[in-house]
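To keep things clear, I will list the structure first and then write my remarks on it.
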Amino acid sequence: AAAAVGEQHKMSEVWIHSAMHTIEFCLSTLSNTASYLRLWALSLAHTELSNVFWDKILLLSLTTGNRAAIVVGFSVWLGATLTVLMQMESLSAFLHA
């Protein structure tokens, strides 16, 4: 009878240990999914911002035909694009770490 009680105790420990691993796996899966969804949203935001910069800054300056406006428009577009790209990549690296 004493051996049966010991076996039952060990079996309950196995069940508890297995349940803990299952919960840990589920939380890890959920966390990884949320992380990749954040990265995907960040990528979509960068794409939309790039389109806005292209349409509203560079194309508007090109349609003027004025060389000074084109140079200024290109400079602003390049600065905005690089700044946002660097910030987005930094944020992406921070979120992914």
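Listed values, structure above:
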read-out: Computed FRET value (nearest 0.05) for A93 with D55, which takes r as the C-beta separation and R₀ as 41 Å; value: 0.90
read-out: Over the chain: helical MRE at 222 nm, DSSP H runs n ≥ 4 each giving -39500 (n - 2.57), nearest 500; value: -32500 deg cm²/dmol
read-out: With eigenvalues of the C-alpha gyration tensor scaled by 5 and rooted, segment 57-97, Å; value: 31, 7, 4
read-out: Quotient of C-alpha Rg and 2.2 N^0.38 Å, computed over the chain; value: 2.20
read-out: Linear extension gain, L62 paired with I16, 0.36 nm per residue minus alpha-carbon span; value: 9.8 nm
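Read-outs throughout are calculated quantities, based only on the coordinates presented, and are distinct from any laboratory measurement. Fair warning: this is a prediction, and the values are worked out from it, not measured in the lab. Methodologically, a virtual Cβ is constructed for each residue, glycine included, from the backbone with ideal geometry; neighbour enumeration extends over all protein chains shown.
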